[in-house]
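Pasting a structure here, questions to come.
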Amino acid sequence: MRKIFSAIAIILGLAALVVGIGQRTVWAPPETLTASLEQPAAAPVTLLESGIGTVSGHPTEITIKAEGKFSASLVRSADAEAWVGKAAHTSITGINAEEQTIEATSETGEKEVPNPAGADLFQSTENADKTMTYRWTNPDEGSWTLLLAADGKAAAPTDVSVTWPGDTATPFSMPLIIAGALLLVAGIALAAVRTTPRNGSTGGGGRRSAVRSPATGATPVVPAPKDGPGTVAKVVATASVLALSLVPAGPALASGVPTDPSAVSTQEEPNTYPVVLQKQLERILGEVSTSVAKADKSKNAKDLESRTTGALKVLRAGNYKLRNDDVKIDGPAAIDTSVIRSAAVPTDDGATFPRSIVVVTAKDSGASTIPTALTLTQAGPRENYKLAFATPMLPGSEFPGIGVGDQSVKLLKDDADSLIMTPKQALERLAGYMDDPKSKHADSFAENAFLTLNAKDQKALVDANKDAKISFKRSVNTKDTVVVAAPDGGALVSGNFTSMTTAKPKEDGGTIGLDKTTAKIVGVKDTKKGIEISYGEPMMLYIPAKGSKEKVQLVAAEVITKGAKLLK
């Protein structure tokens, strides 16, 4: 029996050693695992959701291959959905780690889209030729999507593979090696032990002799183990069974890490996020200022198409035309976005358009530098931001210090009633006050050098033309109004007035002489019928929150000559 138990121990020990060492060598799990996408239907857009950025808590490496050049643009998921719209697209939503496959769906629809590369909606864009390796990093809280496209016409890349670290842990390997070594030693030791026969053979021709103790004369007896003579063998056998029970059925495979319920955060993420991030805003402002500077230099209205809109586009184009006709007027103020002094970037709980941003920029941070207040508007997800308002701030005016990401900054409507007056009322009352300094609403506005100078200039014009009827009339272009809530509960309002100055002779046969600029525009030096001169007056106001004792403040303003016409 001893030899049988010895053989069993040796065999089991060898088996445990082979399996234990094999788990670390021959049967070792792969260090990396890869999932690939089965070829879906061709579409102009491929969307990669952030779910493929990690597998079982491990970051992945995403490899994208295409036949030619393509772009990968990172964008908030809601904005990606808005940009895609009704276009055909493939959505890669996650990884099946067990089957090592990529989960994806395909939607039919429009077969062409605009080329998305570098569009303002996207936080960043990377361009590649035939292949790209991408590691997912969310630039901010919320859900993000990587949008792939060729040029909007050709099929977007769908040859996507995802690689992640495999689970190379072999927790049973070392116990098996140790148990195997012990079993092997025990088996060899058991085979080498020689035991004395029960009756003590002397080898003397089979004769028996009793060896007596010199002290007592009793026969010495080696006591048997308490549990009987087979105890060693039983212990070895039991260890062998335990060793066998530790051997897994096959090599370990990569698997998901169990989630610890206590480690799951119960804190809800905020559901509103800034419509652009800081780096994104800096890029947009740089492109806008470069584009507008090009137009200002060429004095070609067509160069305004890509990055201006609304009143600013109309006023700048009119200025170019007058100057191209040799009318001696100043050009529009240059736009320098080198330094962002403040940025009222609204937060959004989805993909809502149009969007507007109010920013104060300057060429430097010097205290004597006059900053410029800008309003940019994005009409839709596939549109870039365009400059709708750009006016120097007035001396002594203040603009709230706001940083990108402030949750209190939101777009408001012109009838918002959370202020001391609605934005619509504020603009209408300001227009009336500028027409007539004695307006009943004059006391609603804080004293301001621009308003004081406007009143003086208008009075001087009337006093200098005693024989003429001079009138002033301003109207609010409501479609140009943009309202953004400020952190303190107030609001910034950018708007635009059309100002008309009309001069008529008081008596029939009277004559009104014209200044050189107006004469150049209309082509005559005087008129007996009268003249109407039009101006554009972009304005930015700050309206305090309801309940405040403060007055409405004029933050930025400018007067731009639009044209003139003779009355008939």
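Is it the case that residue 537 is touching a helix residue (DSSP H, G or I) at 6+ places or on another chain (Cβ under 9 Å), among the acidic types (Asp, Glu), assigned by the TED database to the domain that holds residue 360 and farther than 14 Å from residue 426 by Cβ?
yes
If you don't mind, another one. Considering only residues that are within 22 Å of residue 94 (Cβ to Cβ) and in a loop (DSSP other than H, G, I, E, B), look in region 30-41 and name the one that is modelled with the highest pLDDT.
37
On to the next question. Which residue is modelled with the highest pLDDT, if the candidates are limited to region 382-414 and must be closer than 24 Å to residue 497 by Cβ and among the acidic types (Asp, Glu)?
Restricting to residues being closer than 24 Å to residue 497 by Cβ and among the acidic types (Asp, Glu), the top hit is 414.
Something else: Quick one: which of 358, 292 is in a strand (DSSP E or B), open to solvent by less than 60 Å² (accessible area, probe 1.4 Å) and in contact with a strand residue (DSSP E or B) (Cβ under 7 Å, 6 or more places away or on another chain)?
Values: 292 fails: in a strand (DSSP E or B).
358 is the lone residue from the list that is in a strand (DSSP E or B), open to solvent by less than 60 Å² (accessible area, probe 1.4 Å) and in contact with a strand residue (DSSP E or B) (Cβ under 7 Å, 6 or more places away or on another chain).
From the list 516, 551, 528, 546, which one is over 18 Å from residue 469 (Cα atoms), open to solvent by 40 Å² or more (accessible area, probe 1.4 Å) and at pLDDT below 95?
Within the list 516, 551, 528, 546, the selection yields 516.
Could you check how many residues of region 38-93 are among the hydrophobic types (A, V, I, L, M, F, W, C) and surrounded by fewer than 18 Cβ atoms within 10 Å (Cβ to Cβ)?
So the count comes out to 2.
Out of curiosity, is residue 427 in the same structural domain as residue 559 (by the TED database) and open to solvent by less than 10 Å² (accessible area, probe 1.4 Å)?
Taking the combined requirement at face value, the residue satisfies it.
Something else about it: Pull up region 493-531, narrow it to residues that are polar (S, T, N, Q) and over 59 Å from the mean Cα position of the chain (by Cα), then point me to the one that is nearest to residue 310 (Cα to Cα).
Checking each candidate, the answer is 527.
Then there is this: State the number of residues belonging to region 418-476 that are closer than 11 Å to residue 552 by Cβ, assigned to a helix (DSSP H, G or I) and among the aromatic types (Phe, Trp, Tyr).
Selection size over region 418-476: 1.
A follow-up question, please. Look through region 384-401, keep the residues that are within 15 Å of residue 451 (Cα to Cα) and in a loop (DSSP other than H, G, I, E, B), and return whichever of them is most open to solvent (accessible area, probe 1.4 Å).
So the residue we want is 395.
I'd like to check something: does region 14-23 contain any residue that is of a type in the set (Val, Ile, Thr) and at pLDDT 75 or above?
No, region 14-23 contains no residue that is of a type in the set (Val, Ile, Thr) and at pLDDT 75 or above.
Of a type in the set (Gly, Ala, Ser), open to solvent by less than 70 Å² (accessible area, probe 1.4 Å) and either outside any loop (DSSP other than H, G, I, E, B) or not assigned by the TED database to the domain that holds residue 451 (or both): is that true of residue 373 in this structure?
yes
So which of 82, 119 is in contact with an Asp or Glu (Cβ under 9 Å, 6 or more places away or on another chain), among the aliphatic types (A, V, I, L, M) and assigned by the TED database to the domain that holds residue 46?
Within the list 82, 119, the selection yields 119.
This table checks each residue for (1) in contact with a Gly (Cβ under 8 Å, 6 or more places away or on another chain); (2) at pLDDT below 95; (3) among the β-branched types (Val, Ile, Thr).
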site: 298; (1), (2), (3): no, no, no
site: 305; (1), (2), (3): no, no, no
site: 321; (1), (2), (3): no, no, no
site: 324; (1), (2), (3): no, no, no
site: 334; (1), (2), (3): no, yes, no
site: 357; (1), (2), (3): no, no, yes
site: 370; (1), (2), (3): no, yes, yes
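Kindly indicate the residue of region 94-122 that is outside any strand (DSSP E or B) and aliphatic (A, V, I, L, M) and also surrounded by the most Cβ atoms within 10 Å (Cβ to Cβ) among those meeting that condition.
Applying the filter and picking the extreme gives 121.
Got a sec? Which of 484, 462, 476 is free of Cβ contacts under 8 Å to residues at least 40 places away in the same chain and among the aliphatic types (A, V, I, L, M)?
Answer to the selection: 462.
Now for a different question. Residue 438 - would you say it is modelled with pLDDT of 95 or more, exposed (fewer than 14 other Cβ atoms within 10 Å of the Cβ) and over 18 Å from residue 495 (Cα atoms)?
No: the conditions fail for residue 438.
Next question, about the same structure. Just one of (1) open to solvent by 40 Å² or more (accessible area, probe 1.4 Å); (2) in contact (Cβ under 8 Å) with a residue 12 or more places away in the chain trips up residue 298, so point out which.
For residue 298, the failing item is (2).
The values are calculated or read from the model by the stated rules, or taken from the named source; none is laboratory data. As the structure is a prediction and not an experimental result, all values here were calculated from the model. Glycine also receives a Cβ, built like all others from the backbone with ideal geometry; neighbour counts cover every protein chain displayed. These accessible areas exclude ligands, DNA and RNA; they are computed on the full protein's heavy atoms, side chains included. Shrake-Rupley method; radii C 1.70, N 1.55, O 1.52, S 1.80 Å.
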